[in-house]
Every structure is written in C-alpha cells, then in structure tokens.
Amino acid sequence: DIQLTGTVAAGEMYIIAMNSNDHNSAYGSFPDQANGAINGNGNDGYFLYYDGDHTTGTLYDAYGVIDVDGTGKVWEYLDSRVVRNTSAQKSGSKAAHAFDIADWTITDPANADDMTPATKEGGQALPIDLLSFTTKVHNNSIVLLWQTATEENNDYFTIERSYNAKDFAEVVQVAGAGNSNQILNYRYNDVNADLSQTIYYKLKQTDYDGKYTYSNIISVNSKSNVFEIIDSYANNGIINISINSNVENAASIELYDITGSIIYNNKIELKKGINSYKIDATKYAIGLYFIRVGNNVQTLNTKLIIK
C-alpha cells in the first residue's frame, strides 16, 4: 500500500516512480512521488482505493486481478507499455471498479519512446478502429463477424475461445488488410466449438511489429435463453459476481447467510453479454454465504466463502 497525497486537476497526470533521481535522468523531470515499492516485473497488478487502504478503502480502479499472478495472462506487461483507452476507444467496463482488458492498450514489445510517462489516455495510436465484433449460431457452427473502419499496419487477427470466460485458447489466425481507410468485414465459422456450452470469444489484433490489442469478450449459446452465473468470489472485502445473459432485462441479486436469512438484496439491469456486479462485504463475517440471482424467467443459486 502506498498513500497518495496531493491534488490532480482534470486532465492532468500524477506520476509515481521507484526512484526520483533515476526518473529525472531518464525523462528530464521529477515524479510527483517516489517509492521503492513501485517495482513491477510485468506480472503485477495495480489497484486504486479511496478512503483507506486495500483492507479499509473502496476499490476504485484496477489493472489486473487481485491475488492472481499475471504471468501468461492478458494483462502481462513485461517490456511493454500499458495505456488506458479513451471512452471513444474503449469497449469494456472502463473504471467500473473491475479490470477489463478491453479498456487498455498494451504496446508489446515497447521501445524507449513508448515508455515516456505522462502520455494521456488516447495518446497511443491504435492499429485498427474496430466497429463491431459479434457472434451467432448458424448450421451447427459459430459464426464470428467483425468490422473495421480503418487499419494501420495490421498484420493479422487471432480468434480466442473459452468455455469459462477465463482460460482462452487460440482458434485461428485471420490475415488483416495491412492498411485501409474503408470499412472492411471479416467472417469466420468455428465448426469445432462445443455447442452444448456457453462459448466466449475475444479478438486479438497484431500489427507488423508484434504489438497487439484485444477486443471485449463476447458470448454465444445455442439455447434460446441464456442466464447463468459464470463466476462468484469474495476478495479483499468485495464480493464479485459475473452474470451472462443473452437478453437485456431486470434482475435481482440476494445474499443469504448460513442460517438462510437474507442480508442483502438489490435490483439490477442486465445488458446482453457478461455483467459484472460487486457487493461490499466488509461488514460480513467470515463463512459460507449463498447468492441468488433471478429474472422474470429463472432463478440461479450459487455459494461462496468469505475468508
């Protein structure tokens, strides 16, 4: 935990470095704060809290997933530069108190110029302008469709598939257009997907220098009604729940203790796709709890342990 102090005006940057003199030697300016604990090796996460530290404060923003080693994960940034996208470029949650790789651009590998601090969000040039990335079931296969408005040095796309929204494997590489200023449409039929399950996809774009970016995660299921809890866990006083729905509708979330007493309930609006929801659990004791999520058709139940 590193306590941040001072004031940051709208549009300005607050720079933290491991060593003030080293930072000045490299970039010709001193950081706003120096702390020897700022020593990431490419697989660490960073989490911003307010009104306290990681045990007493409220999580405001996250890069990476708490208590998870980033080695081999989508947020690994060894020898890379990570920049938050602008609202125009983003396709994920963007500071919704949860990490979403679609909110970030990773320049990998990055050279010295890429590492210059204080480049604001959007200061990076994205190799493609992705207009859409969608999927549907057709003739016992999954059809993936994506559309770009512009492409710059775009070498190829990689489609990655998962059945749990966490562990993704490469399905295929599709050649990009290189450079283009017109709308281009791409299509791929995934004939090897297991249609009995909900399937998750993301699109990785790689340019000629090996740098890459990721799309948001999308899902598809051959069943007409998809409503499921895909993940639930408690971490650092926060209960995290991920709900997948193929329709937009209202739902309720309820939390029960081991005696069956309801201790939390709230109404939410689900969007199509993966919905992330958080509950402040700092006031709840260690133990077993039960989660119930319901819409106008179905009720889902799962359990979790607060440690």
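The values are calculated or read from the model by the stated rules, or taken from the named source; none is laboratory data. Just so it is clear, the model here is predicted, and its values are computed rather than measured. Neighbour counts are summed over all protein chains in view; Cβ atoms, including those assigned to glycine, are modelled from backbone coordinates with ideal geometry. Ligands, DNA and RNA are stripped out before the accessible areas are found, and what is left, the full protein with its side chains, is counted by its heavy atoms. Shrake-Rupley method; radii C 1.70, N 1.55, O 1.52, S 1.80 Å.
Remarks
- Output for the range 226-263, where each listed residue is part of a loop (DSSP other than H, G, I, E, B), on the phi < 0 side of the Ramachandran plot, at pLDDT below 85 and open to solvent by less than 60 Å² (accessible area, probe 1.4 Å): Val226, Asn246, Val247
- Among the residues of the range 22-47, those identified as modelled with pLDDT under 85 and aliphatic (A, V, I, L, M) are Ala26, Ala37, Ile38.
- Identity of the residue in the range 186-200, of a type in the set (D, E, K, R) and under 27 Å from Glu151 (Cβ atoms), that ends up surrounded by the fewest Cβ atoms within 10 Å (Cβ to Cβ): Arg187
- When each of Ala251, Ala177 is tested for being closer than 25 Å to Asn85 by Cβ and in contact (Cβ under 8 Å) with a residue 12 or more places away in the chain, the lone residue that passes is Ala177.
- Checklist (1) under 21 Å from Gly72 (Cβ atoms); (2) at pLDDT 90 or above; (3) of a type outside the set (Lys, Arg); (4) assigned to a loop (DSSP other than H, G, I, E, B) applied to Asp167, failing item: (2)
- Criterion: assigned to a strand (DSSP E or B), β-branched (Val, Ile, Thr), under 16 Å from Ser219 (Cα atoms) and open to solvent by 30 Å² or more (accessible area, probe 1.4 Å) - qualifying residue of Thr150, Thr134: Thr134
- For the range 268-283, residues that are free of Cβ contacts under 8 Å to residues at least 24 places away in the same chain and either open to solvent by 60 Å² or more (accessible area, probe 1.4 Å) or of a type in the set (Phe, Trp, Tyr) (or both) total 2.
- Positions within the range 39-60 being open to solvent by less than 50 Å² (accessible area, probe 1.4 Å) and in a loop (DSSP other than H, G, I, E, B), in sequence order: Gly40, Gly42, Asn43, Gly45, Gly52, Gly57
- If you check Lys202, Lys211 for being within 19 Å of Val65 (Cβ to Cβ) and either in contact (Cβ under 8 Å) with a residue 12 or more places away in the chain or touching a helix residue (DSSP H, G or I) at 6+ places or on another chain (Cβ under 9 Å) (or both), only one passes: Lys202.
- Residues that are modelled with pLDDT of 85 or more, over 22 Å from Gly57 (Cβ atoms) and open to solvent by 50 Å² or more (accessible area, probe 1.4 Å), drawn from the range 1-21: Met18, Asn19, Asn21
- Residue in the range 36-51 that is farther than 27 Å from Asp79 by Cα and more than 21 Å from the chain's Cα centre (by Cα) present: yes
- Residue count, the range 115-131 (criterion: assigned to a loop (DSSP other than H, G, I, E, B) and either at pLDDT 90 or above or surrounded by 15 or more Cβ atoms within 10 Å (Cβ to Cβ) (or both)): 5
- Counted residues, the range 290-299 - those being more than 24 Å from the chain's Cα centre (by Cα) and open to solvent by less than 20 Å² (accessible area, probe 1.4 Å): 1
- Residue pairs whose Cβ atoms lie under 8 Å apart, sitting 6 or more positions apart in sequence or on different chains, and linking a residue in the range 92-111 that is in a helix (DSSP H, G or I) to a partner that is among the hydrophobic types (A, V, I, L, M, F, W, C) and at pLDDT below 75, are Asp103/Ala95.
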